[in-house]
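The values are calculated or read from the model by the stated rules, or taken from the named source; none is laboratory data. Everything numeric here is computed off the predicted structure, so don't read it as measured data. Note that we place each Cβ from the backbone using ideal geometry, even for glycine, and neighbour counts take in every protein chain shown. With ligands, DNA and RNA removed, areas are computed over all heavy atoms of the protein, side chains included. Shrake-Rupley method; radii C 1.70, N 1.55, O 1.52, S 1.80 Å.
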Amino acid sequence: MDDKGSAGKISVSSDSVSTLNSEDFVLVSRLGDETPSSANNGSDDEKTGLKVISEEGVSFKIVGNGSQQQLQRELEDVLLEPPVAPASAGDHHATMSTSVAPGADPLSAASPKLEMALPVQTAQESELNERSYRGDESSSDGSPGSPIPDEDSVVFSQLTYLGCASVNAPRSEVEALRMMSILRGQCQVPLDVTLSVPGVSEGTVRLLDPHSSTEIANYPIYKILFCVRGHDGTAESDCFAFTESHYNAEIFRIHVFRCQIQEAVSRILYSFATAFRRSAKKAALAASHQAAPLTPDSDLFTFTVSLEIKEDDGKGTFSAVAKDKDKQSFKLRAGMGKKIVIYVQQTSNKELAIERCFGLLLSPGKNVKNSDMHLLDLESMGKSSDGKSYIITGSWNPSTPQFQAVNEETPKDKFMFMTTAVDLVITEVEEPVRFLLETRVRVCSPNDRLFWPFGKRSHTETFYLKLRQMERKERKSPSSDTLYEVLSLESETEREKRKTTASPGVLPGGPDSVVPSPPEDDEEEDNDEPLLSGSGDVSKECAEKILETWGDLLTKWHLNLSVRPRQLPALVRSGIPEALRGEVWQLLAGCHNNDHQVEEYRTLITKESPQDSAITRDINRTFPAHDYFKDTGGDGQDSLYKICKAYSVYDQEIGYCQGQSFLAAVLLLHMPEEQAFSVLVKIMFQYGLRDLFKQNFEDLHCKFFQLERLMQEHLPDLYAHFLNVGLEAHMYASQWFLTLFTAKFPLYMVFHIIDLLLCEGISVIFNVALALLKTSKDDLIQADFEGALKFFRVPVPKRYRSEENAKKLMELACSMKISQKKLKKFEKEYHAMMEQREQQEAPIERYERENRRLQEANMRLEQENDDLAHELVSSKIALRKDLDNAEEKSDALNKELLLTKQKLVDSEDEKRRLEEESAQLKEMCRRELDKSEAEIKKNGSIIGEYKQICSQLSERLEKQQTANRGDLDKIRVKVESCDKCSNLFNKEGRVRAAVAAAATAGGGEETDEEKEELKKQLREMELELAQTKLQLVEAECKIQDLEHHLGLALGEVQAAKKTWLTRTLSSIKTVTGKDTA
């Protein structure tokens, strides 16, 4: 139930959510005219009210947003759900009147009144016979309980009815308490009632008026599903409610009551519990006289279960696999993805509610064990659109190892069994129910050519489910909704086998039994029952050599569809293989490229046909012997109806004519309805079949004349006999021409005739007719007028049920040479004869006939004129609408064009601006580049000068060091060469300490001056050396400083190149790229 407009919401699981929305109706009470119309939160003035007034002046109203009819039905549901037992003659009756006042106060409405009479119990009948509950002495008049006269029950008074509402989860305590709270809060003026609870499970809970004991409503115990009371400590502690199944298992309601004495709630629930588990005493007494009662309707429930296999057709969809009518087996293709579709429909007894499917299983073989079944992936489950069937769909991957057996090609004449099972959970049944289907399958190559067979697309089995109603104590829990347990489940096939086993046939030599033998063909020909249309089996088996020949021919033909292969007529005369007929017929008729006609067909079936009644009448009489068309309202009849209806709208001059349905049915057995319609149109128009129905069947009478002239040439004795007995061609050959032999003859022969017709033209009918007359000549010559007609009607079609006889007939028909020149000659003779006959007629008769013909033509032309005028007006309106749409589109395009032009101008301005900016950036870049190059040259010259200075300083330092070393060497040589000095200085050039001491001690005063001089020279030399070292250090510092400046300059140059120059160049490239774009 939708949550929109709900009066209250609660966060619970999805299986127990139920809200009170605008479609629910709540029963509230009203006392006279004093209650304002704005009750129920002031929304009554927007709702529709239905008020019921009793003779005592107490009224109650059902409030809701529904229509007037919905409110009336709602009132009848609440007050008169089951029909009340007829009252005795002495009973009093109270009359209740209802008035409907949409959008206004119900009391002030002046709408018609609906009178409903309800039986009223007398005061004596409503006396209290026992008290089921007593409270305090002060309230001893408060809780009387009395059984009502017709059954053992307990009556509770001082109750208030708060109303009812629809619920989705009838056994959910949370849902029940929520609805109890909502209804208790919404009820403004409560309705006092008396509640009668039966003491047995077969009884009925009754709602009574406390003043008159009138029964307001009743609810059988077996429909009540759940009882609940309000929790202690809450505002609903004095309330209780029960849910019941309303009419069927899909609608559930909850009824809420309030007790004036809170302690009475426990007693009421105890009475309900007693009613749930006790058995009726009367039923036990009646059991000794008659059989035990069954479930409410019966103990036997019948289900029809259908199995359909769908296979991937390579176009992204799944198509139903056909069932071979001869061998009753599905034809599967190896390696193709498949789906299993199960349809379950209950066909008898009270409807059981299917909750869900919890398993779809499949296994190769027959009589398989449960452990050998394998689960399929469930894709969907639920009720069909019409609500009659429950549909389960599962996907089947045949490449899995478990299904390998049904994924390998079976030999040509062999088949295998496949078992499918579906497990269903039924609400009222204690345990799951499994339906088991066994069917035959054949697996062929995935490269087999697809065709549209005439067999059924499903396997159907009938199951008989026997249940037993469980007593309350036998159920797993008191609140359980299960009512039945399964006693047996038997299929129709198992039942037939059991019957056969129970009553076996004749044993050889048995005196009391006879083995029935199938009737012979001759015996069947002796009876007067004509052969039903659609009779005969057509095998799809064909020799491999023939299939290879046809395969090569079709391969060549598909290369050039405009030219028929040379060997095609010879192959067609031998008969087209059944598996290829659908494709070859479409190619012969030229319907290989008919997409436009397919779309036209889908439009035609949506239009109304003036001959709808005639089409519907004929559909049920078309091919009643064929499985595909025998079911009224089945897929076959539905498709056939649509084809005939579409043609009647397509060809309004001819419309639908009796007999067209047979030809359409033949085509429908070999191809989808869209292609069948296209081929039917080709046969009617291009092959000239529709000409037989025109101009008062003038062309058909010409065909009869041609047939009689051919008989005169080929079968003169039979022609003479027909003249003697007065048998004319139109008396026996009408159906041959109008239905192309499809109405009465076996299918094998009919299919072969259509082969020849599509290949060689409608003149083939003459060949087949002459062949029939020739093979039956001996019998016809011996028959009188009535005997000959009966022979054409009954024995002739039955004679060709045998495939061998039909082949011989078609060979004879193909061997007869009937030239088109001769047929043209006979046609001229017929027209000359008709002209001569017209000239011999009286002028008045001729003029009258001509006048009738002209009137008919005039009416037809007027109708065509009206149709054309209507079509012209419709075309003008459509053209005007298209023109308006085109003008609107043109205006929109013009606006879009102007916007585009404006955008183009803006883009060009932007382009020029960007070009100017690009030129400026280029100039700035060039200047910056020149400046950078100049700075680089300057830095280079400075670096060169620094390097030159450094090199000069290095050279000078080296020269100074060399000179100093030379001077030192000279001094050392002089010192060493001097005897005195050598004694004074060591090899390192230092003064020896001993010499100095001796000199000091000896008082070498004479050398003081010399020493002083030497010391002075030494100090000068050391000072010069220190200066030289200082200059060297300064030079190295300058070198390092120059190298540091050089590194900074190089870094700045590189950074300048990488940052500014790079950004400038990238922006130039970007601008240039936009300009180019």
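Checking the Cα-Cα distances for Lys315/Lys339; Lys903/Lys1069; Lys744/Lys777; Lys938/Lys1038; Lys369/Lys466; Lys388/Lys540 against a 26 Å cut-off, the pairs over it are Lys388/Lys540. Charged neighbours of Glu653, selected by a Cβ distance under 12 Å, balance to -2 (K, R count +1; D, E count -1).
Taking the average, over residues, of other Cβ atoms within 10 Å as the packing measure, peptides 380-393, 420-433, 895-908, 957-970 rank 420-433, 380-393, 957-970, 895-908 from highest down. Filter the cross-link list Lys310/Lys607; Lys694/Lys825; Lys970/Lys1015; Lys223/Lys383; Lys642/Lys682 down to pairs whose alpha-carbon distance in this structure exceeds 25 Å. From Lys310/Lys607; Lys694/Lys825; Lys970/Lys1015; Lys223/Lys383; Lys642/Lys682, over 25 Å: Lys310/Lys607. Per-residue packing, averaged as other Cβ atoms within 10 Å, sorts the ranges 911-917, 702-708, 609-615 into the order 702-708, 609-615, 911-917, beginning with the highest. Heavy-atom surface analysis with a 1.4 Å probe gives the range 619-768 a carbon and sulfur content of 43 percent of its accessible area.
Entry comment: accessible area of the range 538-613 is 57 Å² per residue, from protein heavy atoms only and a probe of 1.4 Å. Other residues whose C-beta falls under 11 angstrom from the C-beta of Ser815 contribute a net charge of +3, scoring Lys and Arg +1 and Asp and Glu -1.
With only Lys, Arg, Asp and Glu charged, each at its Cβ (+1 for the first two, -1 for the last two), find how big the charge dipole of the range 670-739 is about the Cα centre; round to the nearest 20 debye. Intermediate results must be reported in sequence, preceding the final value.
Values: 5 positive and 9 negative charges, 24 e Å.
It works out to roughly 120 debye.
The label-point distance for Ile943 and Cys444, in a model that sets each label 7 Å from Cα toward Cβ, rounds to 9.1 nm. Remark: the range 834-990 carries 86 Å² of accessible area per residue (probe radius 1.4 Å; ligands, DNA and RNA excluded).
Once both labels are positioned 7 Å from their Cα atoms along Cα-to-Cβ, the gap between Lys1069 and Gln836 label points is 10.4 nm. Between Asp906 and Thr606, the simple label model (points 7 Å from Cα in the Cβ direction) yields a spacing of 4.4 nm.
Past the 21 Å Cα-Cα mark, which pairs from Lys545/Lys817; Lys703/Lys822; Lys331/Lys798? Lys545/Lys817; Lys331/Lys798, as the Cα separations exceed 21 Å there.
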